[in-house]
Structures are given as C-alpha cells and as structure tokens.
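Reviewing the structure listed below.
What follows is calculated from the coordinates using simple rules that are stated; it is not laboratory data. Just so it is clear, the structure is predicted and the values come from calculations on it, not from any experiment. Because the Cβ atoms are built from the backbone with ideal geometry, glycine has one as well, and the counts that use them run over all protein chains shown.
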Amino acid sequence: SGQKHCCCQWMIAGQVWLNAELKRARKKSNAIVTFPGNYSNTFWEKVTIANYFLKVACPTLVTTSHNFFEAMQHLKSELCSHVDLKMDGLQTSINSLQSSLTTLDDHMTLIEQRFSGNEDMISDLEKRVKELEKQNNYLTDKVEDLENRSRSSNLQFLNVPERAEGRDMLGFIQQLIPQLLGKMNFSSPPVIERAHRTGTTHREGIRKGDLSFQGSRVYIYPDFSAGVLEKRRQFDPVKKKLRELDIKYSLQYPALLRVIYDGTSTLYRTPTEVETFLSKVGDATMIFICIFHSFLSLFLFSYISCVCKVSSL
C-alpha cells in the first residue's frame, strides 16, 4: 500500500511537471501534438504519464508484470501445444474407433444375411425331413408287411424237450405236429422246408386242449416280426383288465384287439381306445353293482320282516 501511495504521489507530481514541459515545448515550437485515431490528447498524455512514472517509480513492478506476461504467453503456448498433441491422439483414436465400428457394422450385416439364409435353409430342411420321415414310415410298414408275409407259414414250438429231435430236425417236426394236433387231421405228414431251434419266445400261443409231448406242455406260436410283436405287447395291460372283468377278446393280425361285450364285437387299434372302453364299462359296472346291492338289501330286509311275522304267528 505504501508503494501504491508513493506511485500516486509520483504520478501527480509527474503530471504537473509533464504539463509544464508540454506547454513550454508548444510555446517554443508552436506545434500541436496529435495522436492517431479518435483518442484525445488527454488520453494519450495520461497513458504516457502512467507508463513513464511506472518505469521510474515502480521498475520492479513493471519488470514483474512483464515477466508474468511473458510467463503467461509461454504457458499459453505450451498449453496449446499440449492440447493440440492430445487432440491429435484423440482424433486418431476416434478415427480408429469409427473404422472399427464401420467394420463391425459390415460384419453384422453379413451375419444377418447369413442368418436369414440359414433360416430359409432350415425351413427347407424341415420340410425335407418331414417328407423323408413319411417315406421312411411307409417303407418301414411295407418291409414289415413283407417280412410278416414271409413268416406267415412259420410256427414256433415252445417247451419242447431239448435233444428230443435227435439229428433229424425235419423228420422230428413232421412227426410232432400230427402227434400234438391229432393224426386224424393229417392224411399225410406236413411238408417242412426248414426247422431249427431258437431262443425267442412269445406269449400269444395257439392252444387246443392240452398239447403235451413227453410229459411237457407244448405251446404253438405264430412267427411275427419284431415290430409286430412290440405292437402286440402294448396291449398286455388292457388284456389283463379284460380278463379281470371276464370280457372276451382276441388279438388279430397285425396288432388289432377285438373285444366282444354284450353281444357286440368291436375292433380297437390302440391300447388307448381300449382304456376308454374300459372306463365306460367300469362306470356302468359300478352303477349296476350299486343297484344290485340296493335290491339285495331291500330283498333281505323284506325277507327278514316276513320271517319275523311268521315267527310271531
């Protein structure tokens, strides 16, 4: 504050002295001092006085201000250089990122095109697979039918004692069939093309009385393909229920179950159809049983009442 006060005093004294010097110079040279632009002499005089007395009165302050200005200019230059350098790196990164995004967009477009193509291909393959499945089922059924037709003349004999055939299997079977089914049914021995032992057994057999050979009960089975046997085995649970209800049935070729109930014969192709039939029969049977029990209870009650009256008489 003391330095500023001193500067103000020097500026006032310097202004008085400068005014006197300017007047003396004007009188000697009769010249008028002019300044460029629209600025007045008073303005430039004040500026000149300020600069002069700052240099005289406060040389340290002027030097410090000048150094500060140069430092600020240098800092500005370095800051601009640093920012430019960083901006160049940032711009390079942005350009690289933009290029990567463009490449990624191209890849996504290519993937979408391939995905769309794959969808069309999958749809076409699904149609072809369905068609092939249909053809396969048709061919499987046809092959199975041909196989069963070729087996239609075949018979399987279960529970025949081992080694009973000796070394002549054909001759043994030709004698076994008339012995089991009755010699009066054969005018001549049956013609057998081939005969051999097998480990396969079936449940559905041909039973005609008691077929026995050397003390063993013998069963005769038709020879079916594995596919037909599997279809026929699916009826085993419902056949058990039919036997429990004392309902007559027969399993027909290839895998059809004929049920005879209440004088009506019905042919069922799947076990589900038989289950539906059994549920209806079960409901009707339960109603019948309830009605029967009611009548039986009423009859017993009436009978007991009559007996009691007779006893009282």
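Partner aspartates and glutamates whose Cα lies under 20 Å from the Cα of Lys130, excluding those fewer than 8 positions away in the same chain, are identified as Glu119, Asp120, Asp141.
Summarising the label geometry, the points placed 7 Å from Cα in the beta-carbon direction at Met72 and Glu133 lie 8.6 nm from one another. Across region 132-139, coupling constants 3J(HN,Hα) worked out from phi with the 6.51/-1.76/1.60 Karplus curve, θ = phi - 60°, read 5, 4, 4, 5, 5, 4, 5, 5 Hz, and Gly and Pro carry x. The number of Lys pairs in region 229-282 with C-alpha atoms less than 14 Å apart, excluding pairs fewer than 8 positions apart on the same chain, is 4.
Under 17 Å Cα to Cα from Lys183, which aspartates and glutamates show up? Leave out anything in the same chain fewer than 8 places away. Output for Lys183: Asp210.
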